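Colleague: I am attaching a structure below and will ask some questions about it afterwards.
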Amino acid sequence: MKIAFLSRWNATCGAGLHAELLCRKLLSMGFNVLVFAPSLESANADWHHRMIDVEDEEWVMRVYGETSELEYPAGGFMGAEVLEDDYDVLVVELYNRLPVLKLAEIHEKIRRKAKLVGVLHLAWRRDIPPILKIKWDAMVIFDKRYHNELLAHYDLSNIGRIEEISYPFAILDSPPTRIEEAEDRFLFITYGRQPELEYLDYIRGLREICSGGEAVYFVLRSDGRLPVDEPWIIQKVDRPSLRRIHGYLRGADAHLIPKSDTRGVVISSTIYQSLYSGTPTIVPDTRYFENIPPIEEDGPVMKYRLGDLEDFIEKARRLMKDYSLRERLSENARRYALEASDEVVARRFLELFESL
């Protein structure tokens, strides 16, 4: 079976990471894979898209042009290679800059030779009607919210079946990388390229916690330093591979994920990238994490109320002082990640393909 993906690739993007985790796992299982990725010129026009420091693999072709949120679903282009290459299944990562109307123009020809499977990353109902003009053999959703809040009440007759399959957790065993500047102090870490204001709770809360010298905060960003210069903050500008990120995580004592709230249906690809590292993780109680249970329910993360500094400070300090709590979070995290590992999810997709 040859499986093709239409997706972003090798970039700081949740839709692209989904394809990468599945593709690499399917490749390791002996399947032939092919990736149709967007041109860098079109993808880099989006704030959320930045290439990581690796080169595209030989089975990756950049053959389509993204549109913009304002033009969606029109705009962009779709290269002839999407029709001309041979494959048995085409998995389309559906996000809000995909040239959906260009795909709609050729989808019937694609379905004559291959199964067509969509993976829903869209967050808002306004983006759903255009994708329903395409006939899908199957549509994959990550959890029930995507059906109940996005798909429900539309005519779904063009979707052969809807399958709920979790976003995959990355399973990596990188050796820990402890940054020298931390010395023997408690080390908090955040990586990524979130907007600066999303770090607000952590900067203000850790200012109180770290000023005494017992802890430091390592901020790894790909788009420049935060405009903060304090002795307890260590900053590095880099866009490392996921394997290197896991090394940094395992060298730290706690992972802080910054995410503002939204009314859209969303998940955090960061938690799926990082959880298996076992580094105790603190997250805000936003929609990005609402389906992941907190430690109080024997879950894999500690949650605090977004915007409540007292709640964040109390929980961060408890994590610093309580080794058994950190151990419990670490064990829960690794167990939780294994339940929806990249291999488990890849096998679920294979079962879906074989059933179509």
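Colleague: Using alpha carbon centroids, what distance separates segment 282-302 and segment 197-250, in Å?
Modeller: Taking the Cα centre of segment 197-250 as reference, the centre of segment 282-302 is 21 Å away.
Colleague: Give the lysines reachable from Lys115 as a straight Cα distance under 29 Å; neighbours fewer than 8 places away on the same chain don't count.
Modeller: Lys2, Lys25, Lys102, Lys133, Lys135, Lys144
Colleague: So for the pair Asp143, Glu327, with labels modelled 7 Å out along Cα→Cβ, what separation do we get in nm?
Modeller: Placing both labels 7 Å beyond Cα along the Cβ direction yields 3.0 nm.
Colleague: Nearest-5 percent of antiparallel DSSP beta bridges in the chain?
Modeller: Antiparallel bridges: around 5 percent, rounded to the nearest 5.
Colleague: To continue, here is another question. How far apart, in nm, are two points set 7 Å out from the Cα along the Cα-to-Cβ line at Ala45 and at Glu183?
Modeller: Computed distance between label sites Ala45 and Glu183 equals 5.1 nm.
Colleague: Now for a different question. Give the shape of segment 6-158 as rounded, prolate or oblate, defined through the alpha-carbon gyration tensor: a ≥ b ≥ c are the square roots of its eigenvalues, a/c under 1.5 means rounded, and otherwise the shape is prolate if a/b is larger than b/c and oblate if not.
Modeller: Judged from the Cα gyration tensor, segment 6-158 comes out rounded (a/c under 1.5).
Colleague: Here is a further query. Which shape class, rounded, prolate or oblate, goes with the chain when its Cα gyration tensor gives a ≥ b ≥ c as root eigenvalues, a/c under 1.5 marks rounded, and past that a/b bigger than b/c marks prolate?
Modeller: prolate
Colleague: On to the next question. For the chain, with a Gaussian network of springs between Cα atoms less than 10 Å apart, report the residue from Ala170, Ala182, Ala45 with the top mean-square fluctuation.
Modeller: Answer for the Gaussian network model of the chain: Ala45.
Colleague: Report the calculated FRET efficiency for Ser68 and Asp173 (r = Cβ-Cβ distance, R0 = 45 Å), to the nearest 0.05.
Modeller: About 0.70, to the nearest 0.05.
Colleague: Right, something else. Accessible area per residue, 1.4 Å probe, Å², for the chain: what's the number?
Modeller: I get 42 Å² per residue for this part.
Colleague: Can you figure out the FRET efficiency of Glu163 with Glu84, using R₀ = 30 Å and their beta-carbon distance, to the nearest 0.05?
Modeller: After rounding, the FRET efficiency stands at 0.60.
Colleague: Then there is this: When all protein chains stay in place, what accessible area (Å², nearest 10, 1.4 Å probe) is found for Glu339?
Modeller: Glu339 has an accessible surface of roughly 120 Å² with all protein chains in place.
Colleague: Same structure, new question: Taking a virtual spin label 7 Å from the Cα of Arg305 along the C-beta vector, which residues in segment 246-271 bring their backbone nitrogen under 20 Å of it?
Modeller: 257-263
Colleague: So between Glu314 and Arg193, what do we pick up on full extension, going 0.36 nm a residue minus the alpha carbon distance?
Modeller: Length gained, Glu314 through Arg193: 41.0 nm.
Colleague: Can you figure out the FRET efficiency of Arg347 with Arg207, using R₀ = 41 Å and their beta-carbon distance, to the nearest 0.05?
Modeller: Calculated value: 0.35.
Colleague: In terms of the Cα gyration tensor, with a ≥ b ≥ c the square roots of its eigenvalues, is segment 268-348 rounded because a/c is under 1.5, prolate because a/b exceeds b/c, or oblate?
Modeller: It comes out oblate by the Cα gyration axes.
Colleague: How far apart, in nm, are the 7 Å Cα→Cβ label points at Arg335 and Leu132?
Modeller: With each label point 7 Å from Cα toward Cβ, the separation is 4.1 nm.
Colleague: Let me ask something else. May I ask you to order 305-313, 32-40, 277-285 by the average number of other C-beta atoms within 10 Å around their residues, highest value first?
Modeller: 277-285, 32-40, 305-313
Colleague: So, taking all protein chains as they sit and a 1.4 Å probe, how much accessible area belongs to Ile110, in Å² rounded to tens?
Modeller: 0 Å²
Colleague: Ignoring everything but the protein chains, give the 1.4 Å probe accessible area of Arg125 in square angstrom, nearest 10.
Modeller: For Arg125, the solvent-accessible surface is approximately 80 Å².
The values are calculated or read from the model by the stated rules, or taken from the named source; none is laboratory data. All values reported here derive from a predicted model rather than from experimental measurement. Cβ coordinates were reconstructed from backbone atoms using ideal geometry, including for glycine residues, and neighbour counts include every protein chain displayed. Ligands, DNA and RNA are stripped out before the accessible areas are found, and what is left, the full protein with its side chains, is counted by its heavy atoms. Shrake-Rupley method; radii C 1.70, N 1.55, O 1.52, S 1.80 Å.
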